[in-house]
Amino acid sequence: MGVRITGLGHSAKLAQGVARAGGWKLVQAEEKQFPDGEDYIRFKGSLRAAELVIVNSLYPPNDEVMACLIAADAARSLGAQSVILVAPYLAYMRQDKRFKPGEAVSSRTIAGLISEKFDRMYTVDPHLHRYNSLREIYNIPARVLHADGAIANWINRKLDNPVLVGPDRESRQWVSKVAKLCGAPFTVMQKKRFSSIHVQSRGLDAKQVKGRDVVVLDDIISSGHTMAGVLKQALNLGAASITGIGVHGLFARGARRMLSATGAKIITCNSVPGSSARIDIAPLIAEALMKDLHDAA
Ligand code: R5P
């Protein structure tokens with residue numbers, strides 16, 4: 001039967017883009033919640049012998065993890081030959097160690113559940129800080145895609161004199177790559193997190209940002225405090241313009257308002273939809289699937 005694409009949750013539009021870019025057929029999935037909050041999922045097309053790709057960014061995490069697990073099980077029982085997860089935003093990656101005695105390391109739990117139900121998995125710029133590779137927690141082939149090319153294209157099209165700023169040491173991995181693709185300088189700050197909403201990045205120098213189009217680049221914008229703090233510092237140090245780019249824009253409650261108060265332009269990839277999601281990663285996902293799937297057309 002070949003490849004079929006389906007989108008769950010907020011990823012229905014992204015799934016359409018992936019299907020269009022790869023020339024694959026879409027299978028619609030009907031999703032609803034019963035009054036008590038339980039999920040209902042129904043595939044509205046045959047899956048017999050299909051290589052089924054389920055596109056679903058895991059945000060909100062609990063709803064979408066559950067939907068993925070239920071959908072994968074259903075697909076297999078409906079005859080799909082293989083079931084593949086594309087989770088551009090991979091939730092539950094930040095609790096990657098027991099920071100305090102007694103804590104659950106939820107990244108391992110979720111990786112275990114996904115590995116049980118899917119044959120392989122793709123994600124985009126996951127939060128790999130204390131793990132070096134997804135292989136440390138996934139038992140299935142798990143491929144990491146990078147949005148650096150798509151982000152660099154956006155910067156090259158929109159800004160004349162960019163300098164890239166990473167808010168913490170971990171951000172060096174993506175900030176350095178994007179800066180190279182833009183032929184722009186970059187700097188990386190040091191961050192101290194006091195609580196989930198109290199965070200401070202230090203080490204930005206006026207010489208690096210004065211008169212330039214400053215781009216603060218992070219993997220996730222969640223509460224927005226990391227991004228807002230650095231954007232304000234860049235402005236105070238004389239930046240000509242300030243832009244915040246997040247690969248995955250989660251925007252927890254109050255984040256959009258706080259970020260808009262900085263006066264910055266906020267841009268994200270469409271791994272999570274929303275008004276800032278201007279960078280399309282559907283071609284990146286389609287290209288990776290085309291290389292790997294058996295019947296790629
Ligand atoms: C953490 O190290 C990540 O790379 C991000 O900096 C973090 O998730 C951003 O979170 P928030 O928007 O809540 O400051």
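The values are calculated or read from the model by the stated rules, or taken from the named source; none is laboratory data. Keep in mind it's a predicted model, so treat the numbers as computed, not measured. Note that each Cβ is placed from the backbone with ideal geometry, even for glycine, and that neighbours are counted across all protein chains shown. For the accessible areas, the whole protein counts, side chains as well, though only heavy atoms, and no ligand, DNA or RNA atoms are used. Shrake-Rupley method; radii C 1.70, N 1.55, O 1.52, S 1.80 Å.
Data for the structure
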read-out	value
The stretch 1-76 - percent relative contact order, Cα under 8 Å, separation 6 or more	37
Label-zone membership for the stretch 48-74, site residue 33, 7 angstrom Cα→C-beta point, backbone N under 17 Å	57-71
Debye, to nearest 20: dipole size of the stretch 224-297, +1 on Lys, Arg Cβ, -1 on Asp, Glu Cβ	560
Extension gain from residue 144 to residue 161, taking 0.36 nm per residue of separation minus the Cα-Cα distance	3.1 nm
Mean Cβ neighbour count within 10 Å, used as a protection proxy, ranking 283-291, 52-60 highest first	52-60, 283-291
With eigenvalues of the C-alpha gyration tensor scaled by 5 and rooted, the chain, Å	35, 21, 17
GNM top mover of 269, 182, 68 - the chain, alpha-carbon springs below 10 Å	182
Alpha-carbon gyration tensor eigenvalues x 5, square-rooted, for the stretch 176-283, Å	20, 18, 13
Gain upon complete extension [residue 180, residue 100; 0.36 nm per residue less C-alpha separation]	25.0 nm
Proximal charge balance of residue 185 [Cβ under 11 Å; K/R count +1, D/E count -1]	+3
Of 13, 25, 97, the one that fluctuates the most in a GNM where the chain has Cα springs shorter than 10 Å	97
Karplus-derived 3J(HN,Hα), 6.51/-1.76/1.60, for each residue of the stretch 61-75, Hz, glycine and proline x	x, 5, 4, 7, 4, 4, 4, 4, 5, 5, 5, 5, 4, 4, 4
When each of 100/180; 158/232; 13/177 is checked by Cα-Cα distance, pairs over 32 Å	100/180
Probe 1.4 Å, protein heavy atoms only - accessible area per residue of the stretch 53-209 in square angstrom	49
Computed over the chain: relative contact order in percent, which uses C-alpha pairs under 8 Å that are six or more apart	15
Residue (of 240, 77, 56) at the positive-pole extreme of the chain, dipole from beta-carbon charges	240
The chain: calculated mean residue ellipticity at 222 nm from DSSP helix runs of at least 4, using -39500 (n - 2.57)	-9500 deg cm²/dmol
Dipole magnitude of the chain, debye to nearest 20 (Cβ charges: Lys/Arg +1, Asp/Glu -1, about Cα centre)	920
Apportionment of accessible area to carbon and sulfur, the chain, percent (1.4 Å)	48
Cα pair distances of the stretch 126-225 binned at 10 Å [whole percent]	14, 41, 33, 11, 1
Highest to lowest packing among 169-178, 241-250, 118-127, scored as the average C-beta count within 10 Å	241-250, 118-127, 169-178
